[in-house]
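Everything on this sheet refers to the single structure shown next.
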Amino acid sequence: MTLPTLSINGTHKSELFAAALEAKEKLEEALTALKKTCPNGRDYQYAAPGTFDRALGEHAARTRFLEWIISDMEQLAEHTQ
């Protein structure tokens with residue numbers, strides 16, 4: 001993540017910290033909700049072979065993406081403390 005250069009001419013670091021922390025908390029809530037949508041094999045029992053595995057892979061990719069963004073917000077928060 002490209003972190004901002006903190007200066008008196010920019011956004012105050014306390015504002016950046018609060019925004020990063022809020023975003024991180026909301027994203028963690030979204031991640032919790034997303035995890036509840038994990039594919040269940042029973043919902044794919046009549047699908048073509050490989051469909052369930054593909055759905056699991058897609059879900060894992062979505063989860064990793066949100067985790068990556070959460071990590072960015074953690075870095076921003078640490079940078080602006």
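The values are calculated or read from the model by the stated rules, or taken from the named source; none is laboratory data. This one's a predicted model, so the numbers in the text were calculated from it and none came from an experiment. Virtual Cβ from ideal backbone geometry, glycine too; neighbours counted across all protein chains shown. To get the accessible areas, we keep the full protein, side chains included, count just its heavy atoms, and leave off ligands, DNA and RNA. Shrake-Rupley method; radii C 1.70, N 1.55, O 1.52, S 1.80 Å.
Rundown of residues vs (1) touching a residue at least 24 places away in the same chain (Cβ under 8 Å); (2) in contact with a helix residue (DSSP H, G or I) (Cβ under 6 Å, 6 or more places away or on another chain); (3) farther than 30 Å from PHE52 by Cα, yes/no style:
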{"site": "PRO4", "(1), (2), (3)": "yes, no, yes"}
{"site": "ALA18", "(1), (2), (3)": "no, no, yes"}
{"site": "ALA23", "(1), (2), (3)": "yes, yes, yes"}
{"site": "LEU31", "(1), (2), (3)": "yes, yes, no"}
{"site": "LYS36", "(1), (2), (3)": "no, no, no"}
Among all residue pairs at least 6 apart or on different chains, which show Cβ distances below 9 Å where the first residue, located in the range 70-81, is part of a helix (DSSP H, G or I) and of a type in the set (D, E, K, R) and the second is open to solvent by 20 Å² or more (accessible area, probe 1.4 Å) and at pLDDT below 95?
ASP72/MET1
Give the residue, chosen from LYS24, LYS36, that is open to solvent by 70 Å² or more (accessible area, probe 1.4 Å) and under 18 Å from the mean Cα position of the chain (by Cα).
LYS36
Working carefully through the options GLY41, GLY10, find the one that is free of Cβ contacts under 8 Å to residues at least 40 places away in the same chain and touching a Phe, Trp or Tyr at 6+ places or on another chain (Cβ under 6 Å).
GLY41
Which residue pairs have Cβ atoms closer than 8 Å, lie 6 or more positions apart in sequence or on different chains, and pair a first residue in the range 49-64 that is among the polar types (S, T, N, Q) with a second residue that is open to solvent by less than 60 Å² (accessible area, probe 1.4 Å)?
THR63/LEU31; THR63/LEU34
Please go through the range 9-35 and pick out each residue that is part of a loop (DSSP other than H, G, I, E, B) and either modelled with pLDDT under 95 or of a type outside the set (Val, Ile, Thr) (or both).
ASN9, GLY10, HIS12
